[in-house]
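First up is the structure itself, then whatever we jot down about it.
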Amino acid sequence: MSLLVVGLSHRSAPVDVLERVAVSAADAGKVLSQLLEREHVAEALLLSTCNRVEVYAVVTAFHGGLADITDVLAGQSAVALDELSDHLYVHYAAAGVEHLFSVAAGLDSMVVGEPQILGQLRSAYAGAEQAGSVGRALHEVVQQALRAGKRVHAEAGIDAAGASVVSAALAAVAAELAAAGGGGLTGRRVLVLGAGSVGGLAAAALRRAAVAEIVLANRTEASAQRLAALCEADGTPARAVGLHEVTGLLAEVDVVMCCTGATGAVLGVDQIASVAGSRRNPLVVCDLGLPRNVEPGVGQVPGITLLDLSTVAERLEHEGSGSSAVRTAHELIAQEVRDYLAAQRAAEVTPTVAALRKRAAEVVDAELLRLAGRLPDLDAAVRDELSRTVHRVVDKLLHAPTVRVKQLAEAGGGEAYAAALRELFELDPQAAAAIAAPIRPASGGEPSGSP
């Protein structure tokens with residue numbers, strides 16, 4: 001079985017397609033269950049963020065697995081398969097591992113090096129584990145990807161190559177305000193719709209930008225109040241309001257940041273147009289929602305500038321891609337992928353090597369038992385020395401071929417070497433398979449340690 005990655009991102013699809021395919025946290029378990037019901041999918045993980053939707057699956061066959069995954073994605077999104085296929089990318093086996101490691105390191109992100117993807121990947125793993133769709137193979141590869149991502153951030157200094165999407169979006173907002181003669185975000189009043197993880201990042205970035213006030217609105221008002229209290233404690237004036245107050249505030253604020261988990265628009269053209277005429281200064285609306293929180297037509301309202309994920313992506317294209325930190329990060333990921341794949345190839349022969357050693361031990365034990373029957377009066381000390389000697393001889397005879405076969409397997413063809421060992425020593429294939437029987441990781445935690 002091999003790793004198959006099927007997905008679409010800001011690199012391959014426009015926002016309107018991404019938002020139709022995006023899977024909410026509430027629906028992720030259902031999608032994973034549908035994937036596991038398919039014939040060729042043995043394990044599955046779903047990563048759905050503001051700029052990517054990807055399925056990582058362990059499949060028994062490439063074409064069958066691809067058909068199963070694309071069918072589920074098309075069915076849950078109501079996007080025709082032909083249209084969806086135009087935007088999908090596919091990575092298989094080693095290429096799939098490389099893609100996962102690059103994603104974990106932030107090298108495939110809209111803002112190169114953004115650290116949020118590590119947390120998003122952990123959450124995706126936890127969700128798949130809770131849904132029972134993670135087995136040994138996915139556990140090991142995701143665990144190693146997370147470790148590789150942490151290493152890149154620690155050793156390459158890639159965080160300096162780019163901030164989060166939120167920070168990049170605020171930089172775009174500041175540029176729009178400055179172009180209008182307003183001097184950026186400092187001293188501005190900002191309305192933030194959404195008090196979840198993205199809303200929290202936005203509030204933190206706004207505090208650092210020294211805005212005059214942050215007004216927070218959220219479906220659950222208590223969450224907005226908690227975030228407002230954090231802003232106040234940090235020295236930035238902030239308050240929480242109900243969603244029914246949002247329209248009135250549109251005439252007073254300078255910027256609106258939309259980052260809710262709503263499945264439909266929370267700001268419409270009519271709503272914005274009703275207050276646009278009463279404003280003295282331009283209003284910048286930044287939509288970081290997926291699906292979009294703001295109707296696209298809002299950008300056509302006079303005096304309103306609309307920025308969304310597509311706009312941010314255009315502004316960030318090629319930014320930081322040539323820095324030394326990014327080059328170092330790519331080198332580290334290439335090394336991590338090589339090491340992981342070499343270890344996996346070596347692991348292909350490990351069950352057979354273990355079965356060979358087990359078979360040899362059984363033969364030695366049987367012969368020593370036969371010797372005890374023939375020479376029942378043999379001195380105990382002599383018997384022990386004979387036993388140690390025979391075991392040493394067998395261990396030395398097996399040492400060189402078993403070490404060498406693992407080394408050869410690291411370069412590829414591990415299963416062929418394992419098959420040769422089974423044939424030469426008449427090993428039962430079922431015995432080797434039993435040694436390598438999948439062990440599901442314990443539920444309730446994220447991957448940690450080495451496989």
*To the nearest 20 debye, what is the magnitude of the charge dipole of the chain about its Cα centre, counting +1 on the Cβ of each Lys and Arg and -1 on the Cβ of each Asp and Glu?*
880
*Cα pair distances of the chain binned at 20 Å [whole percent]*: 21, 44, 22, 10, 3, 0
_Residue (of A61, G149, A174) at the positive-pole extreme of the chain, dipole from beta-carbon charges_ = G149
*asked:* Just to be sure I understand the rule: take each whole DSSP H helix in the chain, project its Cα atoms onto its long axis, keep it if the span is 20 Å or more and its mean Kyte-Doolittle hydropathy is at least 1.6. Which ones pass?
replied: 165-179
*If you take the beta carbon distance between A210 and R279 as r and set R0 to 25 Å, what does 1/(1 + (r/R0)^6) give as a FRET efficiency, to the nearest 0.05?*
0.65
_Segment H399-A262, extension gain: residue separation times 0.36 nm, minus the distance between their alpha carbons_ = 43.2 nm
_Inter-site label distance for E426 and K358 at 7 Å from Cα along Cβ, in nm_ = 1.9
*Could you name the lysines in cross-link range of K396, using Cα to Cα under 26 Å and dropping any fewer than eight places away on the same chain?*
K358, K406
_Packing-based order for 305-313, 390-398, using average beta carbon neighbours within 10 Å, highest first_ = 305-313, 390-398
*Points 7 angstrom from Cα along the Cβ direction at E314 and D71: gap in nanometres?*
3.9
_What Kirkwood Rh does the stretch 165-316 have if only Cα atoms enter the pairwise 1/r average? Answer in Å._
15.0
*What is the distance, in nm, between label points placed 7 Å from the Cα along the Cα-to-Cβ direction at A251 and at R327?*
5.7
*Show the residues, 5+ positions off or on another chain, whose built amide H is closer than 5 Å to the amide H of A22.*
none
*Cα pair count fraction exceeding 17 Å, expressed as % - the stretch 78-137*: 58
*Distance histogram for the stretch 48-170 (every C-alpha pair counted, 10 angstrom bins, percent rounded to whole numbers)*: 12, 39, 36, 12, 1
_Give me the dipole magnitude in Debye, nearest 20, for the stretch 1-110 about the Cα centre, with unit charges on the beta carbon: positive for Lys and Arg, negative for Asp and Glu._
200
*Value at 222 nm in deg cm²/dmol, rounded to 500, when DSSP H runs of n ≥ 4 in the chain each add -39,500 (n - 2.57)*: -18000 deg cm²/dmol
*Please give the net charge around V72, taking every other residue with its beta carbon less than 15 angstrom from that of V72, where Lys and Arg add +1 and Asp and Glu add -1.*
-4
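Here, each number is a calculation from the coordinates, and none is a lab measurement. Every value quoted in this text rests on a predicted model; they were computed, and no experiment measured them. Reconstructed Cβ throughout: ideal geometry from the backbone, glycine too, with neighbour counts over all protein chains shown.
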